[in-house]
Amino acid sequence: MIQNYLKKSLIITTLCTSLLVANEYTYEAKSLVGIEVGVSNVSSEMLGSTDAVNKDTSGNIALKIGGQTRNYRIYLNARYYADSNFDYITTYGVEGQYIFNFTKNSDFFIGIEGGMLNAKIKLEGENISRTLADPYFGGGAGFGYDIGDNSYLELGSRILNVDAVNINNNKHYQLNNIISAYISFVIKYEMD
């Protein structure tokens, strides 16, 4: 009985202390809105009577929104890849980053991300368009620099592993991965 009383007292004390301390502790949290531009290498292959590997270079643009504490950052993102061989390639996902602050105004970050890829392509010699809608996973790293109090410049690279397959007429078209180098301009602000 005394043991139960001590357990309940400890739990109540912990909860009350947590509530009192919560108002005084902050995570240096900021909201983020960013625009990203980059160049990407899209790797795909056609499996069937003849195997052919294609590597296309494309530009990409993205909108990112998220939040950041001192050592963690998370973004929701939407990207469009401008590749002349595709009708479209888009990705929608989430990325999380760990931030290594090595000076007051600059950092190094590593992260992981995942989401959905949508693409449409019409291959040479085919009368049909192939569509892909598959998940992707990836990782990236880069450097960031504070430009003033409320803006941030991010230089990074990422690799997205897609492995999306479309089978038609016994021909397998596979989109393998997307490797990107990018620059992002991010506005930081505090929400009430």
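The values are calculated or read from the model by the stated rules, or taken from the named source; none is laboratory data. Everything numeric in this text was worked out from a predicted model, so none of it was measured. Here Cβ is always computed from backbone atoms with ideal geometry, including for glycine, and neighbour counts include all displayed protein chains. The protein model used for the area step is the full one, side chains on, heavy atoms only, and it has no ligands, DNA or RNA in it. Shrake-Rupley method; radii C 1.70, N 1.55, O 1.52, S 1.80 Å.
Things worth noting here:
- Ordered from largest to smallest accessible area (heavy atoms of protein chains, 1.4 Å probe), the residues T103, T90 come out as T103, T90.
- Solvent-accessible area of Y92 with every protein chain in place, 1.4 Å probe, in Å² to the nearest 10: 120
- Counting only heavy atoms of the protein chains and using a 1.4 Å probe, D163 has close to 80 Å² of accessible surface.
- The heavy atoms of I121 offer some 10 square angstrom of accessible surface to a 1.4 angstrom probe.
- Whole-percent pair-distance distribution, where bins are 5 Å wide, for the alpha carbons of the stretch 39-174: 2, 9, 17, 21, 15, 12, 9, 6, 5, 3, 1, 0
- With every protein chain in place and a 1.4 angstrom probe, the accessible-area ranking of M46, M191, largest first, reads M191, M46.
- Given charges at Cβ of Lys, Arg, Asp, Glu: the stretch 47-110 dipole, positive-most of A78, F102, T91: F102
- Listed pairs K55/K171; K30/K120; K120/K171; K64/K120 exceeding 27 Å between Cα atoms: K30/K120
- Vicinal HN-Hα couplings computed from phi for the stretch 184-190 (Karplus, 6.51 cos²θ - 1.76 cosθ + 1.60; Hz; Gly/Pro x): 10, 10, 10, 9, 9, 8, 9
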